[in-house]
Amino acid sequence: MGWARELLSLARYNGRVHYPRPFGNYLLLERLGAGGMAEVDLARRSEAQGHFHRFVVIKRLTASNAMDEGFVRMFKDEARITAQLHHHNIAQVYDFGVEGDEFFLAMEYVPGMDLREVQHALARQGRMLNTRVSLTVLSHVLEALHYAHHFVDTTGTPLNIVHRDVNPRNVMLSLSGEVKLIDFGVAKAEGRLEKTEGQSFKGKFAYMAPEQIDGQSDIDGRADLFSAGLMLHELLVGVHPFAGLRQAQIVHRLMSGQVARLDEVVHGVDMAALERVHRKSLAVERHQRYRDAGTFQQDILALLEPFGGPCTREELASFLRTADPEMAGGLNARLTSYQTADPRPQALPPPPTMPVAGDDTSYGTLERDGSPPQKGLLLALGGAVVLLTGVIVALVVGIGLQSDEPDLVVAPEPEAPVLSLEALGGQDTGVPLSAWIEEAEPSTPRTLPPRKAGKKKAKPTPKATTGLLMVNSVPAGARVYLDGEDVGQT
């Protein structure tokens, strides 16, 4: 084992990780992405004395989060829930364990792109997903959700799984034409080790159902169907219904029922039928939505009938290769070279990573984190306090939060410009499609009570106004105090 430790130390120099390098029974090949909770690598496991190789995704809990019992419980929940699911539209978990001081998951590797990356690739060409492909992909997602929502374990006990993070980042399209729903990291299910206490937000705001934002603890599969309805709108129109809006505006529209309508004609589709599907999936009251994903899927398949039915696997594979030929060719070449990769790390920079838009990762469990590796929890908490202090000062000076009322007040929503795919034209602007949407995805806003008014001064008191204070920290879990009062954790 001495040589293995020596190789591992050789794999790290100047603060950088180099590949390939051994990791237990696996060989890590390249970095796929990193988020606030975990790091994700492409890996290879060899069997039969090297005559058989399987590519997998290794998801490792970051060192700082490995010391947090809550994150460890969430990681174990993800392994336990996903390992039981065996469906052709759900990426499978193969292995879970601890290597050294790192918890890890070994998951099915889907060679291809997530749906957001496909949108980005097409936008660079001035194109968008065609209607048949869009409806086909959504049909597969709904099939996966129906299976998960109705899954029972080996004892016959329903797990009542709710994904809670259905969005284009968590839908993978493979080069062989498969559609896979991934990342059950924040899924709700019976028997979870990590229990949600108080009001907690799981998922991305731009795709949340109203009951998720409202912090209701009894959400069910219909929350995922609302998210699927937002994806339906985005895929067919080419723009997310809340494009260009900030988090507070998205929350305001969702909670007040101002959900987008289909204003554009989708060619080749019965618009009256599509409108009914759209309205039903995006009903603010969940009892007015589809009762289950299977019923939703049947209506999507009915919309596909004029196109001759859903795309075949071969057609989806052909579409993906034409959407980004460079990605397809480069991926095939790298995987071929990795078949015979030397298990000894080389003192060379790591190979180019697979397409990961921005600093987000398709396999991220919580929110994406583009900051450099943290040097300690105290540093992170200190930064959060400084950020909080600066924001509060800015609000007091610039906005003037003054009120004698203790109730929470939601500020009126200002108008914001709505961008469209056409705005990108045929040129590559360097701004990927829906980049503005992802601005609304990673953080969790909280509406705080207005500050109490101080002593009255001689000058007239300004008219009371309200504002929204959003506080984030990396890692999450910083305790926030306002005027000496504990208002919760980030």
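Readers should treat all values here as calculations from the given coordinates under stated rules, not as data from a laboratory. Bear in mind that the values here come from a model prediction, so they are computed numbers and not experimental data. Methodologically, a virtual Cβ is constructed for each residue, glycine included, from the backbone with ideal geometry; neighbour enumeration extends over all protein chains shown.
The charge dipole of segment 232-288, taken about its Cα centre with unit charges on the Cβ atoms of Lys, Arg (+1), Asp and Glu (-1) only, comes to about 240 debye.
At 7 Å along the Cα-to-beta-carbon direction for both Glu285 and Thr312, put a label point, then send me their distance in nm to one decimal. About 4.6 nm, to one decimal. Each distinct pair of alpha carbons in segment 123-165 adds a 1/r term; the inverse of their mean, the Kirkwood radius, is 12.7 Å.
Ordering of 111-121, 304-314 by packing is 111-121, 304-314, highest average first (other Cβ atoms within 10 Å, averaged per residue). Computed over the alpha-carbon atoms, segment 24-83 gives an Rg to Rh ratio of 1.05, Rh here being the Kirkwood radius from the mean inverse distance.
Using every pair of separate Cα atoms, the Kirkwood estimate puts the hydrodynamic radius of segment 141-293 at 16.4 angstrom.
When the Cα convex hull of segment 86-178 is projected onto planes of every orientation, the mean area is 8.2 nm².
Each of the peptides 125-133, 270-278 was scored by the mean count of other Cβ atoms within 10 Å over its residues; in descending order, highest first, they stand as 125-133, 270-278.
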